[in-house]
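This report concerns only the one structure given below.
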Amino acid sequence: MKYLCLIYYDEQRVDEMSDEQWQALVARCLACGEELHASGHMLAGEPLQAVRTARTVRVRDGVATVVDGPFAETREQLAGFYLIEAADQSEAEAIAAKIPPATFGSVEVRPLRQLPQR
């Protein structure tokens, strides 16, 4: 089954990191991605730009409105994602626990919905 691991972190905490700490985090994330590729679990993954670059699009009554940013009720913001293949939810959660930002942010694990074929 495919799972989406949504990586969240507090941008302020990341902004407060020294260059050395940031580089160490990036290296850990790259190593994690390589490990997931080698094990056959990684299907895709990308980091996202800072939340200040986000726009939210809503369509109501046929009218599209675009506003700045996501309006999450948390200080943690979506930073990136991994699309993984796992046997079940437990395995997906174990993989998510290895994703480095889980140590200071969170990783949401969601199974992908299988849509009926037409």
Hydrophobic (A, V, I, L, M, F, W, C) and open to solvent by 100 Å² or more (accessible area, probe 1.4 Å) - does that describe any residue in region 47-62?
no
Got a sec? Which of Ala44, Ala38, Ala79 is modelled with pLDDT of 90 or more, small (Gly, Ala, Ser) and open to solvent by less than 70 Å² (accessible area, probe 1.4 Å)?
Ala44
Of a type in the set (D, E, K, R), assigned to a strand (DSSP E or B) and at pLDDT 80 or above, is that true of Glu108?
yes
Restricting attention to region 11-29, does a residue exist that is open to solvent by less than 90 Å² (accessible area, probe 1.4 Å) and touching a Gly at 6+ places or on another chain (Cβ under 9 Å)?
yes
Please specify each residue of region 82-105 satisfying the condition of being assigned to a loop (DSSP other than H, G, I, E, B), open to solvent by 70 Å² or more (accessible area, probe 1.4 Å) and under 22 Å from Tyr9 (Cα atoms).
Lys98
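The values are calculated or read from the model by the stated rules, or taken from the named source; none is laboratory data. Since we're looking at a predicted model, the values are computed, not measured. Cβ atoms come from the backbone with ideal geometry, glycine included; neighbour counts cover every protein chain shown. All accessible areas refer to the heavy atoms of the entire protein, side chains included, with ligands and DNA or RNA removed. Shrake-Rupley method; radii C 1.70, N 1.55, O 1.52, S 1.80 Å.
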